[in-house]
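Working notes for the structure below.
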Amino acid sequence: MPVPVEIGRANLFDLKVTWQDGHESVYPARHLRLQCPCAGCVDEVTGERRVTAASVPDDVKPLGLQLVGSYAITIQWSDGHSTGIYAFDRLRKMCPCEVCQRR
């Protein structure tokens, strides 16, 4: 399982994760918010995404981060949302960099 050694902001909006293998991932905040895996954002039975682009402000940003055990983080978003649990393996798979997107 991928393990982060540092998690924080890349800038005012985006999240930066430095992984144990030295890779750095920068996640655009709005994209990450739209990918929230919680039951309010994704139907638990069908897997259909409930959150829409129109429902998330363009300027959404993380206000706080908390570790969930040793496997995930939860993010408190500026739009009031805070129930998503982003597992580290999911975050690594979501890395938007060119190298990871080619894999």
The range 1-78: C-alpha gyration tensor shape, a/c 1.5 cut-off, then a/b vs b/c: oblate
Order of ARG102, ARG9, ARG33 under a 10 Å beta carbon neighbour criterion, fewest first: ARG102, ARG9, ARG33
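Exposure proxy check: LEU34, LEU15, LEU67, LEU91 ranked by fewest other beta carbons within 10 Å? Working shown, then result.
Numbers: LEU34 16, LEU15 24, LEU67 11, LEU91 21.
The most exposed by this proxy come first: LEU67, LEU34, LEU91, LEU15.
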Residue among PRO57, PRO28, PRO37 with the largest mean-square fluctuation in a Gaussian network model of the chain, springs linking Cα atoms under 10 Å: PRO57
Residue-averaged 222 nm ellipticity for the chain, from DSSP H runs of 4+ at -39500 (n - 2.57), nearest 500: -3500 deg cm²/dmol
Computed label-point distance, nm, for sites ASP89 and VAL26 using a 7 Å Cα→Cβ extension: 2.9
Max mean-square fluctuation residue, GNM over the chain, Cα-Cα springs under 10 Å, options VAL60, VAL42, VAL26: VAL42
Most mobile listed residue (VAL17, VAL45, VAL56) in the chain, GNM with C-alpha springs under 10 Å: VAL45
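Taking other Cβ within 10 Å of each residue's Cβ, how do SER82, SER55, SER70, SER25 sort, fewest first?
Details: SER82 15, SER55 12, SER70 8, SER25 20.
If I rank by nearby Cβ atoms, fewest first, I get SER70, SER55, SER82, SER25.
Each value in this text was obtained by applying a stated rule to the coordinates, not by laboratory testing. As the structure is a prediction and not an experimental result, all values here were calculated from the model. Ideal geometry is used to build each Cβ from the backbone, glycine not excepted, and the neighbour counts take in all protein chains shown.
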